[in-house]
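Mind looking over this structure? Questions follow.
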Amino acid sequence: MQYLNPLAILNISLKEAGKELDKEFIKREKKKLLAEFELNETPTISLRGKKLDKSAVLNLFERIEDPEELAHHIKIYQNPLLLSFLEDGSLGYYQQKQRPDFNEEGEGFAEFVAPYFAGQYNRLLLKAFKQKNWEQIELLVSGSFPLPGKYQVEAYKDTLQYIHSQVIEIEGLAAEIAGGNQPDGRVQEICDEFLISSLNELPEYFAGVRDRYGLSLEALALAVHNTHQRIDLGILILRQGLKLKISDNTHDRLKYVLDQLLKMAPAESIFDAFTGSGKKKNTNVWWIAIGVGAAIILFFLM
């Protein structure tokens with residue numbers, strides 16, 4: 001749900017907003033704006049950089065007629081960082097050292113702002129995750145969630161759904177490889193270091209889907225080994241899975257399969273150096289520099 005502050009859009013000053021609004025002024029402003037649609041013969045007009053149709057303009061005026069709702073809009077208007085977050089997704093609100101507690105802003109304010117806040121948060125979190133921007137995710141999840149728990153579903157829903165769809169794709173890829181297809185560049189994306197970091201930055205709410213992601217990597221590792229005898233690539237996939245913040249049961253499953261593959265790959269000590277599990281620690285710098293994706297590409301060329 002997209003939030004627009006009617007006071008800010010209609011350019012009503014904070015001083016005017018803090019007292020009873022002049023009904024004649026509101027009436028004149030409403031008439032003037034509606035006339036713009038007729039004069040310009042256009043379905044939309046621009047107010048403070050926002051394109052609005054006639055229905056949206058009428059809604060702005062309706063929203064300042066209710067004294068209780070008006071009070072909530074005033075509180076948001078008085079907090080520019082919150083206003084920018086709700087309207088435009090600006091992260092200045094999250095960069096504050098101390099964020100306001102919605103529950104301390106008066107009766108009903110938290111419930112009023114929650115649908116708008118959760119909707120904007122949902123869009124921003126999904127965008128950050130798709131971009132593998134773990135630093136922005138870290139910022140968004142820092143501190144306690146400012147809304148009643150029931151709104152976490154709305155705030156996290158699209159990111160959760162997107163990760164679920166990725167898990168299904170990995171399971172599908174594992175089935176393809178088990179059926180004889182060669183591993184391709186999709187493995188690189190699935191095991192990407194920044195993707196793993198982004199998954200780990202997500203809050204406990206995502207623990208279940210992180211486990212599912214880890215188990216899908218187990219299936220993928222087994223497929224590349226069992227069908228194509230690619231022990232090296234299977235080991236890399238499992239090691240990436242073990243970097244995830246997963247449950248003890250899932251961790252133990254991945255570790256068990258990894259140990260079995262390592263037993264079958266005694267010459268894997270050079271690869272161990274790349275991943276930091278061997279004795280040649282000086283190679284770690286090179287490993288970090290080229291990234292996991294580059295290492296997988298090297299395996300595809302072998």
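List pairs: first in the range 90-111 and free of Cβ contacts under 8 Å to residues at least 40 places away in the same chain and among the polar types (S, T, N, Q), second loosely packed, with under 12 Cβ neighbours inside 10 Å and part of a helix (DSSP H, G or I), Cβ under 7 Å, 6+ apart or cross-chain?
Partner pairs satisfying both residue conditions: none exist.
Further, regarding this structure: Given the options TYR256, TYR213, name the one that is surrounded by 13 or more Cβ atoms within 10 Å (Cβ to Cβ), modelled with pLDDT of 60 or more and aromatic (Phe, Trp, Tyr). Step through it out loud before you land on a result.
Values: TYR256 fails: surrounded by 13 or more Cβ atoms within 10 Å (Cβ to Cβ).
Going through TYR256, TYR213 in turn, the sole match is TYR213.
Sticking with this structure for a sec: Just to confirm my filter: which helices (runs of 4 or more DSSP H) fall fully inside the range 141-201 and include at least 2 residues that are free of Cβ contacts under 8 Å to residues at least 12 places away in the same chain and over 16 Å from GLN240 (Cβ atoms)?
152-178
Turning to a different aspect of this structure: For the structure I just gave you, tell me whether ILE45 is of a type outside the set (D, E, K, R) and within 30 Å of the chain's Cα centre (by Cα). Explain how you work it out, then say what you get.
Numbers: of a type outside the set (D, E, K, R): yes; within 30 Å of the chain's Cα centre (by Cα): no.
No; evaluated as a whole, the condition is false for this residue.
State the number of residues belonging to the range 120-140 that are surrounded by fewer than 19 Cβ atoms within 10 Å (Cβ to Cβ), touching a residue at least 24 places away in the same chain (Cβ under 8 Å) and assigned to a helix (DSSP H, G or I). Show your work before the answer.
Here is the first cut: in the range 120-140, the ones surrounded by fewer than 19 Cβ atoms within 10 Å (Cβ to Cβ) are 123, 126-127, 130-133, 135, 138-139.
If we keep only those that are touching a residue at least 24 places away in the same chain (Cβ under 8 Å) too, we end up with 123, 126, 130, 132-133, 138-139.
Next, only the ones that are assigned to a helix (DSSP H, G or I) stay: 123, 126, 130, 138-139.
Selection size over the range 120-140: 5.
If I go through the range 158-204 residue by residue, how many of them are among the β-branched types (Val, Ile, Thr), open to solvent by less than 70 Å² (accessible area, probe 1.4 Å) and over 16 Å from LEU222 (Cβ atoms)? Walk me through how you get there before you give the answer.
Going residue by residue through the range 158-204, those that are among the β-branched types (Val, Ile, Thr) are 159, 163, 167-168, 170, 177, 187, 190, 196.
Subset that is open to solvent by less than 70 Å² (accessible area, probe 1.4 Å): 159, 163, 167, 170, 177, 187, 190, 196.
So of that shortlist, the ones also over 16 Å from LEU222 (Cβ atoms) come out as 159, 163, 196.
Looking only at that region, the number is 3.
Of these, LEU47, LEU33, LEU10, LEU83, which one is in contact with a helix residue (DSSP H, G or I) (Cβ under 7 Å, 6 or more places away or on another chain) and within 30 Å of GLY143 (Cβ to Cβ)?
Working: LEU47 fails: within 30 Å of GLY143 (Cβ to Cβ); LEU33 fails: within 30 Å of GLY143 (Cβ to Cβ); LEU10 fails: within 30 Å of GLY143 (Cβ to Cβ).
Among LEU47, LEU33, LEU10, LEU83, only LEU83 is in contact with a helix residue (DSSP H, G or I) (Cβ under 7 Å, 6 or more places away or on another chain) and within 30 Å of GLY143 (Cβ to Cβ).
Still on this structure, please answer the following. Are there helices (runs of 4 or more DSSP H) fully within the range 1-97 with at least 1 residues that are at pLDDT 90 or above, open to solvent by 10 Å² or more (accessible area, probe 1.4 Å) and hydroxyl-bearing (Ser, Thr, Tyr)? List them.
Counting at least 1 such residues, we get 54-62, 67-77, 80-88.
Quick one: how many residues across the range 98-114 are open to solvent by 40 Å² or more (accessible area, probe 1.4 Å) and part of a helix (DSSP H, G or I)?
Summing the residues that are open to solvent by 40 Å² or more (accessible area, probe 1.4 Å) and part of a helix (DSSP H, G or I) in the range 98-114 gives 3.
Do you know which residues across the range 30-72 are farther than 17 Å from TYR3 by Cα, touching a Phe, Trp or Tyr at 6+ places or on another chain (Cβ under 8 Å) and touching a residue at least 24 places away in the same chain (Cβ under 8 Å)?
LYS30
Name every residue in the range 225-248 that is polar (S, T, N, Q), under 26 Å from the mean Cα position of the chain (by Cα) and part of a helix (DSSP H, G or I), in order of residue number.
Of the residues in the range 225-248, the ones polar (S, T, N, Q) are 226-227, 229, 240, 247.
Pick out the ones that are also under 26 Å from the mean Cα position of the chain (by Cα) and you get 240, 247.
If the condition is that a residue be polar (S, T, N, Q), under 26 Å from the mean Cα position of the chain (by Cα) and part of a helix (DSSP H, G or I), then GLN240 is the only one that fits.
The values are calculated or read from the model by the stated rules, or taken from the named source; none is laboratory data. Since the model is a prediction, treat every value here as computed from it, not as a measurement. Cβ sites come from the backbone with ideal geometry, for glycine too, and all protein chains shown count toward neighbours. Each accessible area value is taken on the protein alone, full model and side chains, heavy atoms only, with ligands, DNA and RNA left out. Shrake-Rupley method; radii C 1.70, N 1.55, O 1.52, S 1.80 Å.
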